[in-house]
Amino acid sequence: MLDAKFVVENPEQVRQALARRGPAAAAALEGLEPVAARRRALLRETEDRRARLKTASKSLGSFKDKASPEFARLREQLRADGDGIKALEAKLAEAETELEQQLLRVPNLPHASVPDGADSAANRVERTWGEPRAFDFEPQAHWDLGAKLGILDLERAAKLSGPRFAVLLGAGARLERALIQFMLDVHVRDHGYTELMPPYLVNRASMTGTGQLPKFEEDLFHVAPQDLFLVPTAEVPVTNFHADEVLEGPLPVKYASFTPCFRAEAGSYGKDVRGLIRQHQFHKVELVKFAEPEKSFDELESLTRDAEAILQRLELPYRVVTLCAGDLGFSATKTYDLEVWLPSQRTYREISSCSSFGDFQARRAKIRYRPGKGEKPRLVHTLNGSGLAVGRTWLALLENHQQADGSIRIPEALRPYFGGDRLSA
RNA sequence: GGAGAGAUGGCCGAGUGGUCGAAGGCGCCCGCUUGCUAAGCGGGUGUACGCCCAAAAGGUGUACCGUGGGUUCAAAUCCCACUCUCUCCGCCA
């Protein structure tokens, strides 16, 4: 959420920044300023009248003769004043709700370093690591490799649940588990993150805190009787872990969290219909940081490097792109996507998204820190990134390390976790 | 699922209608004292949103004692609903 005061005081600056995202983003501001002005006027009058009522009420309490007509008259007067104030307060609450509801639907401002552009075609490539491998045979897609190796069963998953679900079996399941363990170990042991296992069902407040609600409810799986939502990413429970808190210790606070992720994938019909790329349920190791505002972009760089380390150790070629303003997610102010090379598609595909949210989520979720002893709390900056999406890592590993005979070479770093140097039928 | 108890400031804890943003203690900060340490003495120490001030400092107003509503001129205090925590019983991975 943007700071209402800042929006009101800098309307043109805010409008221009939002316009970089596209016309719809700027339109979200329509009608906001009058509501803010109305709220301010009502607040002022309400507080003023309540102050006068309080003073009068106190003098009534110290009245000597409580049976006198003056006492009765004054009391009657105060009752009427009180009723008037109550009516004003109702109007004020209405204005505040309206302002809040509208503000919750305004996306974050893109950072100045974010390139212009309407969609992913305008994303800026920052660097590339590794060389796409030159195959002396035709590389197969992961769904063919997985089926032939007997480690991936999409047909039976469809029987169980429907499209966009998968069953891993045998060495395929073991590979998934090895990847999870490997990623967590690297981040916890080598990068200094604290492991966190959160609930996979969260309430509306949590979803609002990170920005999935109120605008994107159709992308979530909802559990009706309890009004809970399956987490689309560990970002939600882990960021909201510190909601309504003032962090007193040193920053940054860093968590690494493995969770399943559940996404309804509304509106993605026809996209990535084959294979594991786009699933309703997948595993992810997520990195989350709470940082000082002045250091948040340095923290974004190091968080991105932490995610890259996984790809490097798994010997998977990738590139880093900065999302352009039009491609940026709702809550993010700047995002680096890590895109892994997929031989079967001869293209780079997203495998991690590392973002800084500035104070946008912190304001929604009320996450603050104390800069020093006795100093006033300030909003933290929140960041997160996939480190990595496990399912996409699994399929990238199959495709990139496949051999002519259809077996898979397990990269050195993963062998202790997988328990072998080769996956074959 | 059944029965009971509770929710007050960073923490502990007092407070059953007005003088309560809230006693007292702990912690923390500043100063004094002090060979060092410890102890002692004095003062200070919540958050949000307004207003005044060029700004900072400061001043000032309103709200907040789990959440929401109600009674009352006046609510931490009385009433109602809800949430959460704890204890016991039952069930259960």
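Here are some notes:
- Qualifying residue in segment A:153-166 (condition: aromatic (Phe, Trp, Tyr), surrounded by 15 or more Cβ atoms within 10 Å (Cβ to Cβ) and farther than 30 Å from A:Pro107 by Cα): yes
- Residues satisfying the stated conditions in segment A:1-48, i.e. of a type in the set (D, E, K, R) and within 9 Å of RNA strand B (Cβ to nearest atom): A:Asp3, A:Lys5, A:Arg39, A:Arg40, A:Arg44, A:Glu47, A:Asp48
- Residue check, A:Phe182 in contact (Cβ under 8 Å) with a residue 12 or more places away in the chain, under 19 Å from A:Trp394 (Cα atoms), part of a loop (DSSP other than H, G, I, E, B) and of a type in the set (Phe, Trp, Tyr): no
- Hey, A:Arg378 surrounded by 17 or more Cβ atoms within 10 Å (Cβ to Cβ) and at pLDDT below 95 or not: no
- Inside segment A:300-334, residues that are among the acidic types (Asp, Glu) and either open to solvent by less than 30 Å² (accessible area, probe 1.4 Å) or closer than 21 Å to A:Gly391 by Cβ (or both) make up a count of 3.
- Qualifying residue in segment A:96-118 (condition: closer than 30 Å to A:Leu395 by Cα and open to solvent by 40 Å² or more (accessible area, probe 1.4 Å)): yes
- On the stretch given as segment A:200-258, residues that are part of a helix (DSSP H, G or I) and open to solvent by less than 30 Å² (accessible area, probe 1.4 Å) total 10.
- Residue ID - nearest to the chain's Cα centre (by Cα), chosen from residues in segment A:27-66 that are farther than 20 Å from A:Glu100 by Cβ and open to solvent by less than 70 Å² (accessible area, probe 1.4 Å): A:Ala51
- Close Cβ contacts (under 8 Å, 6 or more residues apart or on different chains) running from residues in segment A:130-144 that are within 25 Å of A:Arg278 (Cα to Cα) and in the same structural domain as A:Arg278 (by TED's automatic domain parsing) to residues that are of a type in the set (Asp, Glu) and open to solvent by less than 50 Å² (accessible area, probe 1.4 Å) comprise A:Pro139/A:Glu399; A:Gln140/A:Glu399; A:Ala141/A:Glu399; A:His142/A:Glu399.
The values are calculated or read from the model by the stated rules, or taken from the named source; none is laboratory data. Remember, predicted model here, so these are calculated numbers, not experimental data. Neighbour counts run over all protein chains shown; Cβ positions are idealised from the backbone, glycine included. Accessible surface is based on the protein model in full, side chains and every heavy atom, while ligands, DNA and RNA are left aside. Shrake-Rupley method; radii C 1.70, N 1.55, O 1.52, S 1.80 Å.
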